[in-house]
Amino acid sequence: MGDMANNSVAYSGVKNAVKEANHGDFGVTLAELRSLMELRAADALHKIQECYGDVHGICTKLKTSPNEGLSGNPADIERREAVFGKNFIPPKKPKTFLQLVWEALQDVTLIILEIAAVVSLGLSFYQPPGGNESRDLLPADGVLIQGNDLKIDESSLTGESDHVKKSLDRDPMLLSGTHVMEGSGRMVVTAVGVNSQTGIIFTLLGAGGDEEEKEKEKEKKDKKSKKQDGAVENRNKAKAQDGAAMEMQPLKSEDGGDGDEKDKKRANLPKKEKSVLQGKLTKLAVQIGKAGLLMSAITVIILVLYFVIDTFWVQKRPWLAECTPIYIQYFVKFFIIGVTVLVVAVPEGLPLAVTISLAYSVKKMMKDNNLVRHLDACETMGNATAICSDKTGTLTMNRMTVVQAYINEKHYKKIPEPEAIPEKTMAYLVTGISVNCAYTSKILPPEKEGGLPRHVGNKTECALLGLLLDLKRDYQDVRNEIPEEDLYKVYTFNSVRKSMSTVLKNSDGSFRIFSKGASEIVLKKCFKILSANGEPKVFRPRDRDDIVKTVIEPMASEGLRTICLAFRDFPAGEPEPEWDNENDIVTGLTCIAVVGIEDPVRPEVPDAIKKCQRAGITVRMVTGDNINTARAIALKCGILNPGEDFLCLEGKDFNRRIRNEKGEIEQERIDKIWPKLRVLARSSPTDKHTLVKGIIDSTVFEQRQVVAVTGDGTNDGPALKKADVGFAMGIAGTDVAKEASDIILTDDNFTSIVKAVMWGRNVYDSISKFLQFQLTVNVVAVIVAFTGACITQDSPLKAVQMLWVNLIMDTLASLALATEPPTESLLLRKPYGRNKPLISRTMMKNILGHAFYQLVVVFTLLFAGEKIFDIDSGRNAPLHAPPSEHYTIVFNTFVMMQLFNEINARKIHGERNVFEGIFNNAIFCSIVLGTFVVQIIIVQFGGKPFSCSELSIEQWLWSIFLGMGTLLWGQLISTIPTSRLKFLKEAGHGTQKEEIPEEELAEDVEEIDHAERELRRGQILWFRGLNRIQTQIRVVNAFRSSLYEGLEKPETRSSIHNFMTHPEFRIEDSEPHIPLIDDTDAEDDAPTKRNSTPPPSPNKNNNAVDSGIHLTTDMNKSATSSSPGSPLHSLETSL
């Protein structure tokens, strides 16, 4: 790995893998190593001491040297790989092209059309006679053997960026996927590949498919052999130990016997459909298909009966054998007319409209910093009713900043102008901050033009350096003048002193010490303070109490960290102080300033949250930070407002409230909390998953909640998967979080989520607009074809004309209506909800109203057109007669009405101004104009192929006038109150819960796409293509198994995702250990850290949360340990 930025951790390794039954002659098994890596801090130390004595005991059992590592013997390495596996996580197999094609062909509308095409094709064969910051990534799990000030960035697993101090006596557990930030060390590798903590999560998210299958087969074999032995207790014990199998597949029932049966039953159930819109469209398509099938059947029956009655009853002709082919030809013609009616009834433009709308939205959302990974997430966001957002980096800027200061006896609520600060005070500030911050902390220019400067190193120190830049001073000039090696003495920050001090020796032999740290600590050591003119004056205890009350407490109430900056001079004439006697050195200080530091709220966030609340979306903050900071940020964001009755809870309080006496989570308890919960602080990723699941499963409100979640850490994966829409951070997010997400925020900004809501609602509205237009066309076309066929034995609209109207125009219309850009007005209404019908009563009024107008016009022209225009009638024309002007006028007027009705279809909520914003959509204008031009060409030059005859200017003007009548008619329809039309029905509902059979509401089955069940009931054997369904079910079931079934079965509690460690877990003694800011390590951050030491917890729930592996090579052994045959080389190569 190399020595990068002086950060190095050498490792001596053993590899850990899936094969467990045969652990060779090693003294430790795979299950034991996996269970060990699930522990943290004191629990891990206790386990090591109890089972192995110390880390050297682990090395002994693994037959590896704590100093030299493995021997590098190829036979030994091969044996270890056979027992413990390789450090490799197999990628998930992509779908083949044929699989994607097959899934696309499952669309209901396409299937109906495919059947119609097959029927038509079959009939066509019938021929009757005559016719940048350097850091080292850890590639494996391990236990620290030896370390020197080792600090790890575990943000990839916890989501919080404070560095965690690792030591043999505090927390020796190192996990893959984390980064070494400071110090050096040596570790013994205990888990690699799919058995590392990161590998386990990757496996649950769909990677390592082959290993999963092998594990399932192995599990089945184990169950069979155990069942034959009949030793139930032994089986349960083995289950508890078999960590690998637990993680690789969902838990089965307690008796191994029902497992396969349950799997078969589950396999027969419909698969989960995540998209609300697709479920509604599927159901609507089935309903339209049934209606079309009924109409086509009636058409065929009427035509056959009419022919039979007229031929054999009225005309009393006998059935002649030689005439049989002619009769069959008639019947085939009737059947083809029936198929035509069916095809006309099916909205074949619908799948295209959905695809175009989603694809167009996805492309445009990229410009709004939303990288959509799954198309259905786009429209699901439009139904979102709740957003659970991270704080750091999403609501805030993820850069600590000085926002308030107390300087020269004045409290500045904003950073003062440089001129307001006396020159003496400024000199103390600049020198003190420049030299008394680690020289590794610095502010670099932005990577991109227009971006923010980059903070490198300790975040609090970067905030202080930023203060100097705000005061128009450059810290680098001071550092150039006083290089790090010239610092006389440095007292580094630790948990005891809670401050950092640096001693400078002046040229005259005097000394000056600068100190910074927690304000309550440093102020107690101050005997003087700089007055308004910059001169020191006496600072009495009474003065200190006044500052605490008037400055520090108000800052803290706003969620600010308070830092005191001070100095002290040692005159040249006195003997040199005893520098090792720190208590005598860091006292008698002079206070320079007290500053308030925070991670400021992004300026655009409060307005974005207001928009969400106005749109009926509840925003909740779920953070690992302490509750005071979280509450203050929530107030600044607008998530909380003064005087409102909302809850702010810490993770431990949340867990207490939602669990019963046995420690089990109860939905009823969650339902009492979540409606008022706005801030969940000190929360683990498992708390986030519990909250998301609780909201989704809740039945408190009539509508099922649609939840969006943001996450950036590896262990946010379960919550991101469980959510209806998962947002991963594109900048701060880990690969696991991105893999589990539906949308990636490329700027990590909450405002981008609001834009996703707008686009989601726009997709929903675009589909509804197209449905309104499409169904109007279809209703009119079906009735015209049906009536015309029954009355005139022929369709007024010929086959080619129907193709133009029903296929080309609808396809173009889907492109026109599905590309309408979103507007802010979309955020002025509440979410539609999962059961809201696609076709509202207002839309139904528009469809039926416009269909009525068009039918009146078409039938008037059909039966009286020849008299109105004084032309020959086109009815009852001979078989091979040339195209008639009469039927061409009917066709042309019909197309003109659709063209102008397309403009009407732009509004679906009863708006009167249908032209509003029409020129903002160039695609719409182009398509309407293009369609009109093509219609002119078809009518004037189409001739016999299009069954058209040339029309005069007068006839064209009448066609256009009658077409424009739809705009005027639309205004008339808008004046009719929808509320008075009680007889109108809605269409395209989501499936209601009572429609679901009880046996399909099994506890371990996720949401069902009930539209698919509608297909089954109708014995239509096709299903919509469901993207990623195997991955989703596997992830959700795996986590459900380990999270929830484990709560009820003590013997299954070996999973890293369990809530409890011991069967006797009770609420009274459970306080989650959450390794987050101010809590993980008092000495690993700057002196700004507030003192917070929660009691230790028996809860191992967060094991995966603080997983982090720290590993670099010891450069002293680089020549040997990184040789091609060495284990170090193999780990580096596989990484």
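The values are calculated or read from the model by the stated rules, or taken from the named source; none is laboratory data. Quantities reported herein were computed from a predicted structural model and do not represent experimental measurements. Reconstructed Cβ throughout: ideal geometry from the backbone, glycine too, with neighbour counts over all protein chains shown. Surface areas here come from the heavy atoms of the whole protein model, side chains and all, with no ligands, DNA or RNA. Shrake-Rupley method; radii C 1.70, N 1.55, O 1.52, S 1.80 Å.
Go through (1) open to solvent by 40 Å² or more (accessible area, probe 1.4 Å); (2) farther than 30 Å from residue 382 by Cβ; (3) modelled with pLDDT of 80 or more; (4) in a helix (DSSP H, G or I) and name the single condition residue 322 misses.
For residue 322, the exception is condition (3).
Hey, does the stretch 655-669 have a residue that's surrounded by 18 or more Cβ atoms within 10 Å (Cβ to Cβ), under 26 Å from residue 559 (Cβ atoms) and either of a type in the set (D, E, K, R) or touching a Ser or Thr at 6+ places or on another chain (Cβ under 6 Å) (or both)?
Scanning the stretch 655-669 turns up no residue that is surrounded by 18 or more Cβ atoms within 10 Å (Cβ to Cβ), under 26 Å from residue 559 (Cβ atoms) and either of a type in the set (D, E, K, R) or touching a Ser or Thr at 6+ places or on another chain (Cβ under 6 Å) (or both).
Residue by residue, here is whether (1) under 46 Å from the mean Cα position of the chain (by Cα); (2) under 27 Å from residue 468 (Cα atoms); (3) modelled with pLDDT of 90 or more holds:
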| position | (1), (2), (3) |
| --- | --- |
| 556 | yes, yes, no |
| 571 | no, no, yes |
| 581 | no, no, no |
| 609 | yes, no, yes |
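Scan the stretch 517-524 and tell me whether some residue there is under 14 Å from residue 568 (Cα atoms), in contact with a helix residue (DSSP H, G or I) (Cβ under 7 Å, 6 or more places away or on another chain) and crowded, with 17+ Cβ neighbours inside 10 Å.
Within the stretch 517-524 (the criterion being under 14 Å from residue 568 (Cα atoms), in contact with a helix residue (DSSP H, G or I) (Cβ under 7 Å, 6 or more places away or on another chain) and crowded, with 17+ Cβ neighbours inside 10 Å), the answer is yes, since at least one residue qualifies.
So, residue 394, is that one modelled with pLDDT under 90 and either on the phi < 0 side of the Ramachandran plot or touching a Leu at 6+ places or on another chain (Cβ under 7 Å) (or both) or not?
So residue 394 fits the description; yes.
Please state which of the following conditions residue 148 fails to meet, knowing it meets all the rest: (1) out of contact with any Ser or Thr (no Cβ under 7 Å at 6 or more places or on another chain); (2) modelled with pLDDT of 65 or more; (3) over 30 Å from residue 203 (Cα atoms); (4) open to solvent by 30 Å² or more (accessible area, probe 1.4 Å).
Here residue 148 clears every test but (1).
For residue 435, state whether it is closer than 14 Å to residue 594 by Cα, in contact with an Asp or Glu (Cβ under 9 Å, 6 or more places away or on another chain) and not basic (Lys, Arg).
When the stated conditions are applied, residue 435 does not pass them.
Within the stretch 29-118, which helices (runs of 4 or more DSSP H) (wholly inside it) include 3 or more residues that are modelled with pLDDT of 80 or more and more than 28 Å from the chain's Cα centre (by Cα)?
Details: elements: 30-37, 41-51, 55-61, 74-84, 97-104.
So the answer is 30-37, 41-51, 55-61, 74-84.
When you check residue 974 against the structure, is it open to solvent by 10 Å² or more (accessible area, probe 1.4 Å) and either hydroxyl-bearing (Ser, Thr, Tyr) or touching a Lys or Arg at 6+ places or on another chain (Cβ under 6 Å) (or both), yes or no?
Numbers: open to solvent by 10 Å² or more (accessible area, probe 1.4 Å): yes; either hydroxyl-bearing (Ser, Thr, Tyr) or touching a Lys or Arg at 6+ places or on another chain (Cβ under 6 Å) (or both): yes.
When the stated conditions are applied, residue 974 passes them.
Could you list all residues from the stretch 872-925 that are closer than 16 Å to residue 944 by Cβ and open to solvent by 60 Å² or more (accessible area, probe 1.4 Å)?
Result: 878, 879, 880, 882, 885.
Name, by its number, the condition in (1) at pLDDT 75 or above; (2) within 22 Å of residue 875 (Cα to Cα) that does not hold for residue 836.
(2)
Within the stretch 940-959, does at least one residue satisfy the condition of being open to solvent by less than 60 Å² (accessible area, probe 1.4 Å), among the aromatic types (Phe, Trp, Tyr) and modelled with pLDDT of 90 or more?
Keep residues of the stretch 940-959 that are open to solvent by less than 60 Å² (accessible area, probe 1.4 Å), which gives 940, 942-943, 947-949, 951-952, 955-956, 959.
Keeping just the survivors that are among the aromatic types (Phe, Trp, Tyr) gives 956.
The next check asks that each one be modelled with pLDDT of 90 or more; those that pass are 956.
Yes, the stretch 940-959 has at least one match.
For the stretch 641-752, which fully contained strands (runs of 3 or more DSSP E) count at least 2 residues that are over 23 Å from the mean Cα position of the chain (by Cα)?
Because the criterion is at least 2 residues that are over 23 Å from the mean Cα position of the chain (by Cα), the strands (runs of 3 or more DSSP E) in the stretch 641-752 that meet it are 647-650.
What pairs can you find where one residue is in the stretch 577-594 and surrounded by 24 or more Cβ atoms within 10 Å (Cβ to Cβ), the other is in a loop (DSSP other than H, G, I, E, B), and their Cβ atoms are less than 7 Å apart, with a gap of 6+ or different chains?
Close Cβ pairs (under 7 Å, with a partner that is in a loop (DSSP other than H, G, I, E, B)) amount to 591/539.
Strands (runs of 3 or more DSSP E) wholly in the stretch 523-635 with at least 3 residues that are more than 27 Å from residue 412 (Cα to Cα) - which ones?
Details: elements: 526-530, 536-538, 561-570, 589-598, 618-622.
Result: 618-622.
Hey, any hits in the stretch 840-847 for a residue that's in contact with a strand residue (DSSP E or B) (Cβ under 8 Å, 6 or more places away or on another chain), in a helix (DSSP H, G or I) and more than 30 Å from residue 607 (Cα to Cα)? Even if it seems obvious, please write down each step before you answer.
Pass one, the stretch 840-847, residues in contact with a strand residue (DSSP E or B) (Cβ under 8 Å, 6 or more places away or on another chain): 844, 847.
Filter once more, so that each one left must be in a helix (DSSP H, G or I): 844, 847.
Subset that is more than 30 Å from residue 607 (Cα to Cα): 844, 847.
Scanning the stretch 840-847, I find at least one residue that is in contact with a strand residue (DSSP E or B) (Cβ under 8 Å, 6 or more places away or on another chain), in a helix (DSSP H, G or I) and more than 30 Å from residue 607 (Cα to Cα), so the answer is yes.
Going through 734, 686 one at a time, which residue ends up being in contact with a Ser or Thr (Cβ under 7 Å, 6 or more places away or on another chain), open to solvent by 10 Å² or more (accessible area, probe 1.4 Å) and at pLDDT below 90? If you could, list the steps in order and put the result at the bottom.
On the way: 686 fails: in contact with a Ser or Thr (Cβ under 7 Å, 6 or more places away or on another chain).
Exactly one of 734, 686 is in contact with a Ser or Thr (Cβ under 7 Å, 6 or more places away or on another chain), open to solvent by 10 Å² or more (accessible area, probe 1.4 Å) and at pLDDT below 90, namely 734.
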